[in-house]
Amino acid sequence: MRKRIFGPRLCPREPSLDETREGTYGCHKPVLLAEVIENLAITPQGVYVDATFGRGGHTIEIIKRLNQSGKILIIDKDPEAIKAAEELADARIIIRKGTFAQLFNWVDELGLKNKINGILLDLGVSSPQLDTAERGFSFLHDGPLDMRMDTTQKLSAATWINHAPEAEIATVLKEYGEEKFSRRIARAIVAARKVAPILTTAKLAEIVSNANPRWEKTKHPATRTFQALRIFVNNELAELKACLEQCLEILAVGGRLLVITFHSLEDRIVKEFMRKAMRGGDFPDDLPVLHEKLQIRIKQIGRAIRASNEELKQNQRARSATLRVMEKIK
């Protein structure tokens, strides 16, 4: 059996799709910015929601197009993102810290239900989160195995990985990372933690790399494991499903929902949501339903949008980004 050596050479010359989407290479830039602004169809007096503020790249451009009557609600669960939002110090900005799964309650409290003209969801980890070793999101920067978007929550990746049953670890890696070798990797993790707790990103990446028998040429062998842990620790997919349903309840007729996804799990959820809302319900294909009984609530605007060659030259994070646009019709 050939010896596995963990070190810089494990990282391929070209970054993986998951790495480029999270800004590992190059400075932070908002993805698909021009396309987002165009498809939001911003009106100067409108009310908008940036439900994944990050460092505000999209928000800043939206604000430029609002008059003094316009408003934008900013949401983020990361305390550092909230600090960045507060520095904007603009009277048109409303800030809320927490998950976008709370979107309906905040909008309702503000008296803005059915008055929202546009919502943006830019999913995944922001570049500042990934590039800060202390946050523990990246296997390319050794740091504490944390992965919490909201640093005030109790559950971290280290806490879970050192206490979860082997079968549960395998299930998480399979479902949230689509990892083919989930059982083998889970077994290696449990064996390693019996020797010493797994507390750093480098240690976990080493364990996973040694347990992975088939390395892909353009992807670090720990990519899927790190994705799975991050999604699980932050409850990302469940929160996305909850938020999408709430968006229909708060958008004004004619209001638009824009979602940027970066991997198949997110995109699958968005496509299923769109299919159901455009169909008017979740009915079996062979069930006859009168048209007037259907609750068709949205229409799709154009096709899925991906980054231009010009943007990819400037920002490799956009490489795996997909923007889907929908409009509420009733």
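The values are calculated or read from the model by the stated rules, or taken from the named source; none is laboratory data. Everything numeric in this text was worked out from a predicted model, so none of it was measured. Glycine gets a Cβ as well: all are built from the backbone with ideal geometry, and neighbour counts include every protein chain shown.
Brief remarks on what is shown
- Residue within the stretch 32-49 that is surrounded by 20 or more Cβ atoms within 10 Å (Cβ to Cβ), β-branched (Val, Ile, Thr) and modelled with pLDDT under 95 present: no
- Among all positions in the stretch 140-156, there is no residue which is part of a helix (DSSP H, G or I), small (Gly, Ala, Ser) and under 26 Å from Ser264 (Cα atoms).
- In the stretch 105-127, the residue that is nearest to Ile231 (Cα to Cα) out of those that are surrounded by fewer than 17 Cβ atoms within 10 Å (Cβ to Cβ) and either out of contact with any helix residue (DSSP H, G or I) (no Cβ under 6 Å at 6 or more places or on another chain) or of a type in the set (Phe, Trp, Tyr) (or both) is Asn105.
- Within the stretch 182-227, restricting attention to residues that are within 20 Å of Phe262 (Cα to Cα) and polar (S, T, N, Q), the residue that is modelled with the lowest pLDDT is Thr218.
- Test result for Gln102, of a type outside the set (Val, Ile, Thr), modelled with pLDDT of 95 or more and surrounded by 15 or more Cβ atoms within 10 Å (Cβ to Cβ): yes
- Helices (runs of 4 or more DSSP H) within the stretch 183-263 that include 3 or more residues in contact (Cβ under 8 Å) with a residue 40 or more places away in the chain and surrounded by fewer than 20 Cβ atoms within 10 Å (Cβ to Cβ): 201-211, 236-250
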